[in-house]
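The values are calculated or read from the model by the stated rules, or taken from the named source; none is laboratory data. A quick note: this is a predicted structure, and the numbers were derived from the prediction, not measured. Here the Cβ is made from the backbone with ideal geometry for all residues, glycine too, and neighbour counts use every protein chain on show.
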Amino acid sequence: MKLKGGVHKFGDDVNTDEIIPAKYLITTDPNELAKHCLEGRNKNFAKRVKPGDIIVTGRNFGCGSSREHAPLAIKGCGVSCVIASSFARIFFRNCINMGLPILESKEAAKEARQNDILKVDLSKGEIRNITKKKIYKIQPFPKFLQRIISSGGLLKVPLRTQRKLRKTQRKSVRTQKTL
Amino acid sequence: MGLTITEKILAGHTNRKRVEPGEFIEARVDIALGNDITAPLAIEEFRKSGAKRVFDKEKVVLVPDHFTPNKDAPSAQQAKILRDFAKEQNLKYYFDVGRMGIEHALLPEQGIVGPGDLIIGADSHTCTYGALGAFSTGVGSTDLAAVMITGRLWFKVPETIKFIYRGKLNKWVSGKDLILYTIGDIGVDGALYKAMEFTGEIIFNLSMDSRFTMCNMAIEAGAKSGIIVPDKTTMEYVKSRIPHSAFRISNYKSDPDANYCEIREYDCSKIEPQVAFPHLPANTKPVSEVKDIPLDQVVIGSCTNGRIEDLRIAAKVLKGNKVPSYMRLIIIPATQNIYLEALKEGLIEIFLKAGGVVSTPTCGPCLGGHMGVLAEEERALATTNRNFKGRMGHPKSEVYLANPAVAAASAIQGRIVHPREVL
């Protein structure tokens, strides 16, 4: 999967109450949720974001609640990908399970600035900062997770396929630290 | 190399002798939980997948506890999705208003979860049940849908950090203070992805209620789960609730040569009641260092501190006192049984005479839902678990976290104080 978009930069410990405050959790409609996306950190984000744009953020992005409304709101805005120094665990699972691409790269996250243009190649594990003319290599996700993301979510991949993909991956999983 | 209790439970649910940290596994799930915020999305996914029946109607638990009794029409609509689904699927464990309690106090109380179980919940504080010696973790709605369909879920086996608590517990210090202190020490991502195993003589002298509080907040350090190896106290708690449990203490412990990625030790004689300042649970200070912070509201309740022991401590401090006229004191027993017990023990009368209000069980104000939402620039002290910006209402309001004794004493004084200022 290849993606391209402009950067929206956020800091550390962005929590799910900031991504989508609880008062809006009375619906599961992505378009409705998108209107309030990241309101707790930047009131204008939902108005400014364009389809394909990329969120770049610091440590522990998505900490707090398990609400899948958070990645749903981000997806609803048309954001193509989230890049962070690190992700909170449940948020990470939720993104994979609903097919929202996310990437962990401390360097890319640190050096990218607001409005930079990034190109992301998920299967190669590569982030290109076109504005800064820099390339960042990252450990690609295990095939099992890549397949869930590219298929559009957990429920799109039959259990038998998941098992097969996990087996081929068993030996090389120790490198990936989050989930 | 031996195994930790977490690795043993995960291996047991994959029918293997051992699992290694870092490995992806697919495990059987004993109990899957959803609430009125997360379950509607899971039910939507369940329907979209074409599934007709849940994998086991005794293993899917639905508790509408967040915005109930419903605060408005859209939230009532969400709760109705759960009610209709529970009826259609003939679920054994569905708790509507009147039976409903805050999920993480209710499930252990009702004997639905027990030692050695593997539990997932579409709620981040599902890690609470680790206090019983279970592997228990928060997941999202799609995860919940997958489990409702298949009874299984993918996990990555976590590494474990061991936390050893030694020494003597100071007066007014509870499980809440130990966990706040620990989060203050390691930070809000200090245990990211990992299992936190709490141990040491202090832990094994803690009540079940205090143990639930500690495991409940493991997520606030980023952890996947919190766990306490079961002992006699666990056995005592489980005995009356799960009469046919095959649980034996000896079955569930970490091996002496188990592998921990980190071991941290705390001398509890140095720990006093803690207060977490806005806007992170890791911004902790000993209460004696807190100077002159006036409060508008105090909330005692939640899945963290709404159990009977918490209400007893609050009542002990509040008895014979009155809160100032501009202080709102809101007390929320976490379940109907806790409410009834508090009533029998005369605690409710103490709360009312002190000028507090007592609410039916609900998550309510903890997440800024209802039943005590804050206005701009208001400040609350709560026994809840999160003090993120705007969590309890207006983005410019503030939440401080503490134990029920500090909360009750602070309600009386109208500012954050050590309980000894009152008693």
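Worth a mention:
- Taken over the stretch B:206-249, residues that are within 14 Å of chain A (Cβ to nearest Cβ) and part of a loop (DSSP other than H, G, I, E, B) amount to 3.
- Residue match in the stretch B:403-412 (condition: closer than 14 Å to residue B:296 by Cα, free of Cβ contacts under 8 Å to residues at least 60 places away in the same chain and either among the polar types (S, T, N, Q) or in a loop (DSSP other than H, G, I, E, B) (or both)): no
- Extreme residue, surrounded by the most Cβ atoms within 10 Å (Cβ to Cβ), among residues of the stretch A:14-38 that are under 20 Å from residue A:92 (Cβ atoms) and of a type in the set (S, T, N, Q): A:16
- Filtered residue count, the stretch B:376-389, keeping only those that are within 14 Å of another protein chain (Cβ to nearest Cβ) and farther than 17 Å from residue B:216 by Cα: 1
- Search result, residues across the stretch A:39-72 that are more than 12 Å from chain B (Cβ to nearest Cβ) and either touching a Gly at 6+ places or on another chain (Cβ under 6 Å) or buried (at least 19 other Cβ atoms within 10 Å of the Cβ) (or both): A:45, A:49, A:51, A:52, A:53, A:54, A:55, A:56, A:57
- Residues (among the hydrophobic types (A, V, I, L, M, F, W, C) and over 11 Å from the mean Cα position of the chain (by Cα)) located in the stretch A:89-129: A:90, A:108, A:109, A:112, A:117, A:118, A:120, A:122, A:127
- Within the stretch B:16-48, the set of residues being more than 10 Å from every other protein chain (Cβ to nearest Cβ) and surrounded by fewer than 20 Cβ atoms within 10 Å (Cβ to Cβ) comprises B:16, B:17, B:18, B:28, B:47.
- Lone qualifier among B:315, B:258 - being crowded, with 21+ Cβ neighbours inside 10 Å and either in contact (Cβ under 8 Å) with a residue 24 or more places away in the chain or in contact with a Leu (Cβ under 6 Å, 6 or more places away or on another chain) (or both): B:315
- The helices (runs of 4 or more DSSP H) found entirely in the stretch B:93-205 that carry 1 or more residues being at the interface with another protein chain (Cβ under 10 Å from one of its Cβ atoms) are B:141-150.
- Residue list for the stretch B:368-377, restricted to those being assigned to a loop (DSSP other than H, G, I, E, B) and either surrounded by 20 or more Cβ atoms within 10 Å (Cβ to Cβ) or touching a Leu at 6+ places or on another chain (Cβ under 9 Å) (or both): B:368, B:369, B:370, B:372, B:373
Table: residues versus (1) over 22 Å from the mean Cα position of the chain (by Cα); (2) at pLDDT 95 or above; (3) outside any loop (DSSP other than H, G, I, E, B).
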{"site": "B:352", "(1), (2), (3)": "yes, yes, yes"}
{"site": "B:365", "(1), (2), (3)": "no, yes, yes"}
{"site": "B:380", "(1), (2), (3)": "no, yes, yes"}
{"site": "B:384", "(1), (2), (3)": "no, yes, no"}
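- Count of the stretch A:73-104 residues which are in a loop (DSSP other than H, G, I, E, B) and either charged (D, E, K, R) or away from chain B (no Cβ under 14 Å) (or both): 5
- Meets criteria (more than 15 Å from the chain's Cα centre (by Cα) and either surrounded by fewer than 24 Cβ atoms within 10 Å (Cβ to Cβ) or of a type outside the set (S, T, N, Q) (or both)) for residue B:190: yes
- Subset tally (residues that are touching a Lys or Arg at 6+ places or on another chain (Cβ under 9 Å) and either over 25 Å from residue B:63 (Cβ atoms) or buried (at least 24 other Cβ atoms within 10 Å of the Cβ) (or both)) for the stretch B:149-174: 13
- Only one of B:173, B:188 that is among the hydrophobic types (A, V, I, L, M, F, W, C), touching an Asp or Glu at 6+ places or on another chain (Cβ under 9 Å), more than 26 Å from residue B:237 (Cα to Cα) and outside the structural domain of residue B:384 (by TED's automatic domain parsing): B:188
- Looking only at the stretch B:278-312, and only at residues there that are out of contact with any strand residue (DSSP E or B) (no Cβ under 8 Å at 6 or more places or on another chain) and not in a loop (DSSP other than H, G, I, E, B), the one that is surrounded by the most Cβ atoms within 10 Å (Cβ to Cβ): B:305
- Evaluated against (1) within 26 Å of the chain's Cα centre (by Cα); (2) away from chain A (no Cβ under 14 Å), residue B:90 falls short on exactly one condition, (1).
- Taken over the stretch B:132-159, the criterion of being of a type in the set (Val, Ile, Thr) and either more than 24 Å from residue A:167 (Cα to Cα) or within 20 Å of the chain's Cα centre (by Cα) (or both) is satisfied by B:137, B:139.
- So residue A:115, is it in a loop (DSSP other than H, G, I, E, B) and of a type in the set (S, T, N, Q): yes
- Residues of the stretch A:75-95 that turn out to be surrounded by 24 or more Cβ atoms within 10 Å (Cβ to Cβ), closer than 29 Å to residue B:136 by Cβ and not small (Gly, Ala, Ser), as a count: 9
- Considering residues of the stretch A:139-167 that are within 7 Å of chain B (Cβ to nearest Cβ) and of a type in the set (A, V, I, L, M) only, the residue surrounded by the fewest Cβ atoms within 10 Å (Cβ to Cβ): A:159
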